[in-house]
1. Only one of G220, G169, G147 is more than 20 Å from H82 (Cβ to Cβ), of a type in the set (G, A, S) and part of a helix (DSSP H, G or I); which?
2. Surrounded by fewer than 20 Cβ atoms within 10 Å (Cβ to Cβ), within 27 Å of I152 (Cβ to Cβ) and aliphatic (A, V, I, L, M): does that describe V25?
3. In this structure, does A162 turn out to be over 9 Å from the mean Cα position of the chain (by Cα) and not acidic (D, E)?
4. Within the range 184-217, how many residues are touching a residue at least 60 places away in the same chain (Cβ under 8 Å) and out of contact with any Cys (no Cβ under 8 Å at 6 or more places or on another chain)?
5. Anything in the range 228-268 that is among the small types (G, A, S) and within 20 Å of Q155 (Cβ to Cβ)? List them, or say none.
6. Looking at (1) in a loop (DSSP other than H, G, I, E, B); (2) surrounded by 21 or more Cβ atoms within 10 Å (Cβ to Cβ); (3) of a type outside the set (A, V, I, L, M, F, W, C), which one does P101 not meet, given that it meets all the others?
7. Output the number of the condition that W251 fails; it satisfies all remaining conditions of (1) within 26 Å of Q113 (Cα to Cα); (2) crowded, with 20+ Cβ neighbours inside 10 Å; (3) touching a helix residue (DSSP H, G or I) at 6+ places or on another chain (Cβ under 9 Å).
8. When the range 234-271 is examined, which residues are found to be basic (K, R) and not in a loop (DSSP other than H, G, I, E, B)?
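Read-outs throughout are calculated quantities, based only on the coordinates presented, and are distinct from any laboratory measurement. Just so it is clear, the model here is predicted, and its values are computed rather than measured. Every residue, glycine as well, gets a Cβ built from its backbone with ideal geometry; the counts of neighbours run over all protein chains shown.
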Amino acid sequence: MSFTQQTRNGVVFHTADAFTAAGGVAHGFATRLGGVSTGPYAQLNLGITRPDERAAVRENYHRFCAAIGADVTSLVMTHQVHEDTIRQATRADVLDDLLDPLDYQADGLLTNQPGLCLTIYYADCIPVLLYDPVHRAIAAVHSGWRGTSLGIAPQAVAKMTALYGSDPGDILAAIGPGIGPCCFETHDDVPSAMVQRLGEDILSHCVPLAHGKFSVDLKGIIHWQLTQAGLADGHVDTLSLCTACHPELYWSHRKMGDQRGNHAAMLQLLP
């Protein structure tokens, strides 16, 4: 598996080659390029809670959905709180106005209903898309270090199995852009929490640094979690681009704080 960077009508995004080859879905991981927002939110801000112009955010959604071939009128969104709640999305979750506030909190979504477009957000935390092309089911999760320590990605696999009869061996996973081990330096509280919940196997992804901190490879941990959950190693692919290293493509919460926009990753089962 690998990823392809694409540009359509000025909108720059990434797609997972295995999802494209399997067919039956529209999907994409946004960059910050191709929208109409200005200032610290330039250009393709898709964060509905950022203090950006609402008309600009609305136009950005229309541009991104058109670029990836998703239905902007069928978005199901997340109000992310760095936990492990995964919501089974239904048509009732589609808002009358895509900028309306949500009445639930969730860091993940899943569905087997064609037409619904699952939408998650990132600006360093790791977006993960899951697709079962055999049983026609999808999931999308936001996996920061807390969500990763809680196992939100393998929990989504388990829910796809329980709700839709998915075989983990059939599931394709795309781990999208997010902060890499090159830039995610932490104190020992993060690796300690990871080891407490996930075991010492993850220590190979938490490298001690000379000044007492650790370099943590969240994407590597998520890849390991998914293979432990039964996915074939060749069915799990990672986009290596680091959001903190590439300000020309991405916003980074760690580098920019609150003066930034949000990216979105979307996945929709096509009718």
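1. Working: G220 fails: more than 20 Å from H82 (Cβ to Cβ); G147 fails: more than 20 Å from H82 (Cβ to Cβ).
Unique residue meeting the criteria: G169.
2. Here the answer is no, as V25 does not meet what is asked.
3. yes
4. The first filter runs over the range 184-217 and keeps only residues touching a residue at least 60 places away in the same chain (Cβ under 8 Å), leaving 184, 216.
Those still in the list that are out of contact with any Cys (no Cβ under 8 Å at 6 or more places or on another chain) too: 184.
So the count comes out to 1.
5. Going through the range 228-268, the residues among the small types (G, A, S) turn out to be 229-230, 232, 234, 240, 244, 252, 257, 261, 264-265.
Hits for the range 228-268 are A229, G230, A232, A265.
6. (2)
7. (1)
8. Filtering the range 234-271 down to residues basic (K, R) leaves 254-255, 260.
Hits for the range 234-271 are R254, K255.
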